[in-house]
1. Identify, from the list Gln43, Gln70, the residue that is modelled with pLDDT of 75 or more, surrounded by 13 or more Cβ atoms within 10 Å (Cβ to Cβ) and polar (S, T, N, Q).
2. Which one of these is within 22 Å of Ser13 (Cα to Cα), among the small types (Gly, Ala, Ser), modelled with pLDDT under 80 and in contact with a helix residue (DSSP H, G or I) (Cβ under 7 Å, 6 or more places away or on another chain): Gly107, Gly25?
3. I need the full set of residues from the stretch 28-37 which are at pLDDT below 85 and either part of a loop (DSSP other than H, G, I, E, B) or over 16 Å from the mean Cα position of the chain (by Cα) (or both), in order please.
4. Among the residues of the stretch 90-104 satisfying the criterion of being part of a loop (DSSP other than H, G, I, E, B), at pLDDT 70 or above and not hydrophobic (A, V, I, L, M, F, W, C), which is farthest from Glu80 (Cα to Cα)?
5. For the structure I just gave you, tell me whether Leu61 is modelled with pLDDT under 85 and either farther than 14 Å from Val48 by Cα or touching a Lys or Arg at 6+ places or on another chain (Cβ under 9 Å) (or both).
6. Scan the stretch 76-94 and give yes if some residue there is exposed (fewer than 10 other Cβ atoms within 10 Å of the Cβ), acidic (Asp, Glu) and either closer than 19 Å to Ser13 by Cα or in contact with a helix residue (DSSP H, G or I) (Cβ under 7 Å, 6 or more places away or on another chain) (or both), otherwise no.
7. Pairs only if they're at least six apart or on different chains, beta carbon under 9 angstrom, first in the stretch 59-70 and without any contact (Cβ under 8 Å) to a residue 24 or more places away in the chain, second of a type in the set (D, E, K, R) and exposed (fewer than 13 other Cβ atoms within 10 Å of the Cβ); list them, first residue then second.
8. Output the residues belonging to the stretch 46-62 that are out of contact with any Phe, Trp or Tyr (no Cβ under 7 Å at 6 or more places or on another chain) and outside any loop (DSSP other than H, G, I, E, B).
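The values are calculated or read from the model by the stated rules, or taken from the named source; none is laboratory data. Treat the numbers as computed from the prediction; the structure is a model and nothing was measured. Cβ coordinates were reconstructed from backbone atoms using ideal geometry, including for glycine residues, and neighbour counts include every protein chain displayed.
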Amino acid sequence: MACRHHVMEVVLSSVFSALFGHTGGSDVAMFKRFQQRWPYIDQSNYHVASDDMFDVDTTALRGQMVKFCQSAFTESHLREDYREFLQLCSAFLGGKDMAKISFTAPGALH
């Protein structure tokens, strides 16, 4: 299963590069701005994706993504950043118990 996660990272990396262009390293300007503004964001005021954001096709994909996130949580040896990514995706899609969601400041984990 660890191989599947590595492949997922490669795919996500390619998607990111296609959307935002190649970065000169680990610092991406958009993420740096987000990190700098983090203290001013009210983490207690957030909303899940509303049903009107999805049409017939994307509603089915939403369900599949929630199931994928839930099944991926059961696998052992998940990297912490990948686990957090799955949690955020699941929370946004409305598939996770919202009482258990907490947000941490963006940046490297130490």
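1. Gln70
2. Gly107 is the lone residue from the list that is within 22 Å of Ser13 (Cα to Cα), among the small types (Gly, Ala, Ser), modelled with pLDDT under 80 and in contact with a helix residue (DSSP H, G or I) (Cβ under 7 Å, 6 or more places away or on another chain).
3. Within the stretch 28-37, the first condition is being at pLDDT below 85, and the residues that meet it are 28-35.
Selection gives Val28, Ala29, Lys32, Arg33.
4. Gly94
5. Working: modelled with pLDDT under 85: no; either farther than 14 Å from Val48 by Cα or touching a Lys or Arg at 6+ places or on another chain (Cβ under 9 Å) (or both): yes.
No: the conditions fail for Leu61.
6. yes
7. Sorted first by the residue in the stretch 59-70, then by its partner, the pairs are Thr59/Asp51.
8. Listed by number, the residues that qualify are Asp51, Asp52, Met53, Val56, Asp57, Thr58, Thr59, Ala60, Leu61.
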